[in-house]
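To keep things clear, I will list the structure first and then write my remarks on it.
The values are calculated or read from the model by the stated rules, or taken from the named source; none is laboratory data. What you are looking at is a predicted structure, and each value in this text was computed from that prediction instead of being measured. Cβ coordinates were reconstructed from backbone atoms using ideal geometry, including for glycine residues, and neighbour counts include every protein chain displayed. All accessible areas refer to the heavy atoms of the entire protein, side chains included, with ligands and DNA or RNA removed. Shrake-Rupley method; radii C 1.70, N 1.55, O 1.52, S 1.80 Å.
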Amino acid sequence: MINKKEIGHTGEFLFPLGLGTYNIKNYQKALESFQLAIDAGVEIIDTAEIYGTEDFVKLLIEKVGRNRLFIITKIWPDKLYTQEKVEKAALNSLKRMNVNYVDLMLIHWPNREISIEEQIKNFEIVIKKGYTRYIGVSNFNKKDLEKAIKISNYDLQTDEIKFSVIDKNFYYDTHEILKSNKISILAYTPIERGMIKEINILNEIAKKYGKTVIQISLNYLINEELTFPIPKAENKEHMLEILGSLDFSLKNEDIKKLNEI
């Protein structure tokens, strides 16, 4: 079993894989599936106002208990114009989840109509008021991060970016600054909605380990420094497949091959 990882530089170590909630359709099936994962140790639950699934997180909390979860939600860019708009959005998210705070709150996307400096300053209200324990960003490129880190009065703990074994563009752009500032990656769309199943080298490596392509792809990200993949699974079979990515480690020779995709 792969060990827990520190998230950002918080001093908190979490299960190295989280669960996304985007586009969940069948809440009952998903609750059963998520319960299975949480019983296996999963803690990170990733949602956002724009996903429309904060009410699902409320049901999950009622099912498993708040203290077993590390909850992440996000503020949409059109709320970043003023502190008042940010605060209202944050309070609405907390209300939908029936919690007093979340563990991590992110700027969902940078707002290109105002400066990074201004939106960070407005966003900081969420940690000042105790609506979140930690803050971070999502979809920030290297230049965005440089500005955000410089201006922020609070440590940024994560950047949630699109990152998979076949899409490393955002990773290559941001990795150096993330590493030097000990900011974790939350990797969304880590299995590319199943598209990775068509990649020959992934199929060859999967056969070598007696694993599925999805399990190889997730293990690759789990082995990557600072990275927490956040796949989604509504049914138990898919969730069991995801959890099967944690009981082995890829050899360096195979990681090198995957780096070249």
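Some observations on this one:
- All aspartates and glutamates inside 14 Å of LYS25 as judged from Cα atoms, apart from same-chain residues fewer than 8 positions distant: GLU54, ASP55, GLU234
- Whole-angstrom gap from segment 129-153 to segment 1-33, using each part's C-alpha centre: 21
- Among 238-245, 127-134, sorting by the average number of other beta carbon atoms lying within 10 angstrom of each residue, highest first, gives 238-245, 127-134.
- Residues whose amide H comes within less than 5 Å of that of VAL102, counting only those at least five positions distant or on another chain, are THR132, ARG133 (H built at 1.01 Å from N in the peptide plane).
- Counting only DSSP beta bridges whose two residues both lie in segment 1-140, roughly 10 percent are antiparallel.
- Extending 7 Å from Cα along the Cβ direction at GLU6 and again at ILE114 yields two label points whose distance is 3.3 nm.
- Heavy-atom accessible area per residue - the chain, 1.4 Å, Å²: 44
- Using a cutoff of 8 angstrom between alpha carbon atoms and counting only pairs six or more residues apart, the relative contact order for the chain works out to 21 percent.
- Pairs of lysine residues in segment 135-234 that meet both criteria, 8 or more places apart or on different chains and Cα atoms under 23 Å apart, total 29.
- THR227 long-range amide H proximity, modeled H, under 5 Å: ILE185
- Computed FRET value (nearest 0.05) for GLU260 with ALA40, which takes r as the C-beta separation and R₀ as 22 Å: 0.10
- Integer Hz, Karplus 6.51/-1.76/1.60 couplings in order for segment 231-236, x for Gly and Pro: x, 10, 8, 8, 10, 5
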